[in-house]
Amino acid sequence: MQYVVVGAGPAGVVAAETLRSEDPDGEIVLLGGESEPVYSRMAIPYLLSNQIDETGTYLRHDPDHFENLGIRQMQGRVTAVLPETKRLNLEGGESLVYDRLLIATGSVPVKPPVNGLDQRGVHHCWTLEDSRHIASLAQPETKVVLMGAGFIGCIIMEALVARGVDLTVLEMGDRMVPRMMDQTAGNMIRRWCLKKGVTVHTSAKVVAVDPGNEAGTSMRLRCESIDPVDADLVVVATGVRPDTGFLEGSGIEIRQGIIVDEYLQSSVPGIYAAGDVCEGLDWSSGRHAVHAIQPAAVETGRLAGLNMAGRQTPHRGNMDMNVLDTLGLVSVSMGRWRGVEDGEEATLLDESGFRYIKLQFEEDRLVGAITLGKTEHVGVIRGLIQSRVRLGKWKNRLVDDPSRIMGVYLACVQGI
């Protein structure tokens with residue numbers, strides 16, 4: 001059996017290792033697109049903040065790890081997938097044949113349609129090479145503008161603050177982390193950042209990045225709603241999307257990501273997907289969704305490897321859950337945190353103490369939540385959501401006082 005795994009991030013690495021453990025005799029190729037040891041993108045902010053060195057980003061530290069497993073590593077980018085001949089075309093004219101193929105190419109950063117983003121001093125923060133450029137420029141007191149205050153942007157923000165730069169954050173949405181937090185929580189995070197000395201503008205759409213002048217900084221960002229902002233370095237963190245462009249003409253069904261069934265197989269037999277590029281079952285809603293977080297990448301990579309090797313193992317779905325530490329303020333959203341049609345919600349808010357809980361109910365089940373600052377019961381909230389337990393009379397007690405979550409959990413789940 002000839003297996004090809006395209007993508008050498010967490011999903012691809014775990015899938016290749018799982019294939020080897022399940023099929024000792026199969027031929028396995030792990031194809032990566034960068035000339036780096038396999039590494040975790042989520043570790044890059046820790047590299048920028050000097051908490052780790054480059055080796056700390058590596059997924060496997062033994063340089064002979066894959067060779068010892070009999071996994072062939074290759075570097076190259078796929079230009080076409082040809083299911084009718086079970087072949088991949090690569091840049092440079094090479095090709096690979098496969099019996100079973102896993103696509104685990106992850107995400108690519110979104111470049112907004114803003115003039116001036118191609119000049120020197122503007123960088124995404126997505127690869128190790130990006131981090132090297134940013135580290136060379138992000139020196140203490142350097143004027144840095146971070147475009148984007150989503151989940152990834154906030155993680156990068158913390159690394160930039162640790163480097164002692166003069167930081168301004170520009171977010172075009174009306175609050176920080178708009179895809180993770182509601183208006184109340186997003187605005188609380190903004191106030192927290194301001195308190196920590198970071199300048200944050202929301203509803204601030206950048207329309208152009210102009211060159212600076214000899215007497216000033218390197219660049220000047222023009223925005224729709226605020227005065228121009230000067231910068232020596234611009235870091236772009238305006239979102240990511242699944243890396244599927246090379247699949248055009250392959251016949252693989254793609255919406256936001258690659259649509260997969262419960263066994264992580266795409267619409268084309270023998271071709272599977274895992275990680276950020278995979279649009280699989282969302283546990284909370286029962287619909288398809290992309291879950292671009294590393295735990296989901298690892299789990300779908302493992303399950304894809306099992307299924308490719310012939311051990312049918314269904315994927316039960318991922319629950320949408322994000323945990324973010326923003327300069328010491330921890331926020332969490334999980335499940336259907338935006339609420340459901342005809343559902344109810346309960347909130348507990350302490351603005352001055354930066355503490356907030358919001359619970360979402362469908363009938364008498366807890367289906368989603370946001371917490372900020374008050375995170376001691378996150379595991380309990382997750383347990384109530386995942387158990388789908390009916391709360392009965394305890395639901396009204398939670399609506400009246402969401403801080404009683406532990407007592408409700410003990411009564412409804414533990415039977416105490």
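Remarks
- For region 229-251, the set of residues classified as surrounded by fewer than 20 Cβ atoms within 10 Å (Cβ to Cβ) and either among the small types (Gly, Ala, Ser) or not in a strand (DSSP E or B) (or both) consists of GLY239, GLY245, PHE246, GLU248, GLY249, GLY251, listed by residue number.
- Residue count for region 35-67 satisfying the condition of being closer than 25 Å to LEU303 by Cα and touching a strand residue (DSSP E or B) at 6+ places or on another chain (Cβ under 7 Å): 7.
- Complete set of residues in region 43-69 that are touching a residue at least 40 places away in the same chain (Cβ under 8 Å) and of a type in the set (Ser, Thr, Tyr): TYR46, SER49, THR57
- Selection of first residues in region 284-304 that are farther than 16 Å from SER266 by Cα and of second residues that are among the basic types (Lys, Arg), restricted to Cβ pairs under 7 Å at least 6 apart or on distinct chains, gives the following pairs, ordered by first then second residue: SER284/ARG336; SER285/ARG336.
- Flag if ARG179 is part of a loop (DSSP other than H, G, I, E, B), modelled with pLDDT under 95 and not hydrophobic (A, V, I, L, M, F, W, C): yes
- Residue in region 47-60 that is more than 30 Å from LEU327 (Cβ to Cβ) and in the same structural domain as SER267 (by TED's automatic domain parsing) present: yes
- Residue count for region 392-403, restricted to those that are over 22 Å from MET321 (Cβ atoms) and either free of Cβ contacts under 8 Å to residues at least 12 places away in the same chain or of a type in the set (A, V, I, L, M, F, W, C) (or both): 5.
- Taking region 283-348 and the strands (runs of 3 or more DSSP E) fully enclosed by it, the elements with 3 or more residues that are more than 14 Å from the chain's Cα centre (by Cα) are at 329-335.
- GLU351 meets all of the listed conditions (1) at pLDDT below 95; (2) over 16 Å from THR184 (Cβ atoms) but one, namely (2).
- Of the residues screened, LEU359 is not one that is assigned to a helix (DSSP H, G or I), in contact (Cβ under 8 Å) with a residue 12 or more places away in the chain and crowded, with 22+ Cβ neighbours inside 10 Å.
- Filter result for TYR98 (under 24 Å from GLN294 (Cα atoms) and in the same structural domain as GLN265 (by TED's automatic domain parsing)): no
Let's see how each residue does on (1) surrounded by fewer than 19 Cβ atoms within 10 Å (Cβ to Cβ); (2) assigned by TED's automatic domain parsing to the domain that holds SER136; (3) in contact with a helix residue (DSSP H, G or I) (Cβ under 9 Å, 6 or more places away or on another chain):
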site	(1), (2), (3)
CYS154	no, yes, yes
ALA159	no, yes, yes
ALA162	yes, yes, yes
ARG175	no, yes, yes
ASN187	yes, yes, no
TRP192	no, yes, no
GLY197	yes, yes, yes
SER203	yes, yes, no
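- Any chance ILE103 is at pLDDT below 95 and closer than 27 Å to TYR58 by Cα: no
- Considering region 47-139, there are no qualifying strands (runs of 3 or more DSSP E) wholly inside with 2 or more residues that are at positive phi and surrounded by fewer than 18 Cβ atoms within 10 Å (Cβ to Cβ).
- GLU279 of a type in the set (D, E, K, R), free of Cβ contacts under 8 Å to residues at least 40 places away in the same chain, within 30 Å of TYR98 (Cα to Cα) and out of contact with any helix residue (DSSP H, G or I) (no Cβ under 8 Å at 6 or more places or on another chain): yes
- Residue check for VAL389: in contact (Cβ under 8 Å) with a residue 12 or more places away in the chain, in contact with a Phe, Trp or Tyr (Cβ under 6 Å, 6 or more places away or on another chain) and hydrophobic (A, V, I, L, M, F, W, C): no
- Applying the criterion of being outside any helix (DSSP H, G or I) and in contact (Cβ under 8 Å) with a residue 60 or more places away in the chain to the residues of region 26-42, the residue that is nearest to the chain's Cα centre (by Cα) is SER40.
- Residue in region 64-87 that is within 28 Å of MET157 (Cα to Cα) and in the same structural domain as GLU253 (by TED's automatic domain parsing) present: no
- Taken over region 294-323, the criterion of being buried (at least 17 other Cβ atoms within 10 Å of the Cβ) and hydrophobic (A, V, I, L, M, F, W, C) is satisfied by ALA296, ALA297, VAL298, LEU303, ALA304, LEU306, MET308, ALA309, MET319, MET321.
- Tally, over region 263-289, of residues that are under 18 Å from GLN386 (Cβ atoms) and either surrounded by fewer than 17 Cβ atoms within 10 Å (Cβ to Cβ) or not aliphatic (A, V, I, L, M) (or both): 7
The values are calculated or read from the model by the stated rules, or taken from the named source; none is laboratory data. On a predicted model such as this, the values are computed, not experimentally measured, just so you know. Cβ coordinates were reconstructed from backbone atoms using ideal geometry, including for glycine residues, and neighbour counts include every protein chain displayed.
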